[in-house]
Amino acid sequence: MNMKKIVIYLAIIAAVGIGTGLTIAYFTGGFSPDFSENSTFFSVDDTQIEKMDGITQMIIEGVTADINIIPDEREDVKAHFYGNTNTSDLPKMKVTVNGGRLMIKIDESRKTQVGFFSSNLSLDVFVPKTFGGDLELGSVSGHVEVKEGLNLRNSSVHLISGDTKIQHMKTQNLDFESISGTLTMEDVSTENTRIRIISGDVHINNFEGNLKGESTSGNLKISYLKDDYDIDFKAVSGTIDIDLPDDAAFSLDAETLGDIQCDFYVNIQGKSGKNQLKGVVKDGRNKVVLRNTSGNITVH
């Protein structure tokens, strides 16, 4: 990759950083009219319960709030929105059901403010362990945590400025997008996973599933439980570290401006060197395609 493309990528990173700040300012209201050192904080505490009869899709949008998905021994869904904020124009939780779709949304003021804005808000959603439909999560300036026990059809997380943690979850398809935040997954099993992340690291342990992803200004570290899946990942300004089982068999196509290290014996095919490695490990039944700009690639 030539120097012109690298400069373009770095310009994109800078522009995204500015855009992230502006987006967060828009959604959070940006600032409060209180200039005093001892701002007054207002409490939010709202709980709503809805039946899950016929629900096949859950959409949860928590603007400037942490989202915690908690599988529970229950037949309904309980949403608890709580915390503190220094604006008297309190955000409000709305829970609506339309056909087979249940939506939980946090509505906030969009009025212009001047001064410092501060809040510490959380949205806990207690979901039946038996729920096996679609789950969509979206948050601006808040963390997302999905606790263990869910077995879903399709799941997606779209996040701006916040970390995500997913534990012991099964889902057919997982779609993850994030700007400025770390993704951590432990014991997650999927058929297909797509990851797009800007300015954040990805740490995945004991993973199952085909992976396709892109990362800008962040590191990827992933370990697989077994070798039955394809990997296609592109990174700009970050490292790629793939940990595969000892009996892994795959075709490898790796290219970077940094260094490449592969601990498996590779039957070289085509041109290979310090920055490029293409070949087959054992019978090559799976595909591993890795591209990196300004970072190293390690397969072990």
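The values are calculated or read from the model by the stated rules, or taken from the named source; none is laboratory data. Keep in mind that what you see is a predicted model, and the values were worked out from it rather than measured. Backbone-built Cβ (ideal geometry, glycine too); neighbour counts: all protein chains shown.
Among what's in segment 238-254 and is in contact (Cβ under 8 Å) with a residue 40 or more places away in the chain and farther than 19 Å from Asp187 by Cβ, pick the residue that is surrounded by the fewest Cβ atoms within 10 Å (Cβ to Cβ).
Thr239
Would you pick out the residues in segment 148-174 that are charged (D, E, K, R) and surrounded by 17 or more Cβ atoms within 10 Å (Cβ to Cβ)? Even if it seems obvious, please write down each step before you answer.
Here is the first cut: in segment 148-174, the residues charged (D, E, K, R) are 148, 153, 163, 165, 170.
Asp163, Lys170, listed by residue number.
Quick one: in segment 76-104, which of the residues that are within 17 Å of Val140 (Cα to Cα) and of a type in the set (Ser, Thr, Tyr) is surrounded by the fewest Cβ atoms within 10 Å (Cβ to Cβ)?
Residue satisfying both the conditions and the ranking: Tyr82.
Condition first: in a strand (DSSP E or B), in contact (Cβ under 8 Å) with a residue 60 or more places away in the chain, of a type outside the set (Lys, Arg) and touching a Leu at 6+ places or on another chain (Cβ under 7 Å). Can you find one or more residues in segment 141-151 that meet it? Write out each step before concluding.
In the first step, residues of segment 141-151 are kept if they are in a strand (DSSP E or B); the result is 144-146, 151.
Next, only the ones that are in contact (Cβ under 8 Å) with a residue 60 or more places away in the chain stay: 144-146.
Restricting the remaining residues to those that are of a type outside the set (Lys, Arg) gives 144-146.
Add one more test, that the residue is touching a Leu at 6+ places or on another chain (Cβ under 7 Å), and what stays is 144.
Scanning segment 141-151, I find at least one residue that is in a strand (DSSP E or B), in contact (Cβ under 8 Å) with a residue 60 or more places away in the chain, of a type outside the set (Lys, Arg) and touching a Leu at 6+ places or on another chain (Cβ under 7 Å), so the answer is yes.
What residue, of Gly133, Gly162, Gly100, is more than 26 Å from Asp53 (Cα to Cα) and in contact (Cβ under 8 Å) with a residue 40 or more places away in the chain? Before you say what the answer is, go through the steps one by one.
Working: Gly133 fails: more than 26 Å from Asp53 (Cα to Cα); Gly100 fails: more than 26 Å from Asp53 (Cα to Cα).
It is Gly162.
Just one of the numbered conditions (1) part of a loop (DSSP other than H, G, I, E, B); (2) of a type in the set (S, T, N, Q); (3) surrounded by 22 or more Cβ atoms within 10 Å (Cβ to Cβ) is not true of Thr130; which one?
(3)
Just need a number here: residues in segment 80-94 that are touching a Phe, Trp or Tyr at 6+ places or on another chain (Cβ under 8 Å) and either at pLDDT 95 or above or in a strand (DSSP E or B) (or both).
4
Just to be sure, is Ala235 at pLDDT 95 or above and surrounded by fewer than 17 Cβ atoms within 10 Å (Cβ to Cβ)? Even if it seems obvious, please write down each step before you answer.
Numbers: at pLDDT 95 or above: yes; surrounded by fewer than 17 Cβ atoms within 10 Å (Cβ to Cβ): no.
Here the answer is no, as Ala235 does not meet what is asked.
Would you be able to say whether some residue in segment 232-246 is over 18 Å from the mean Cα position of the chain (by Cα) and small (Gly, Ala, Ser)?
yes
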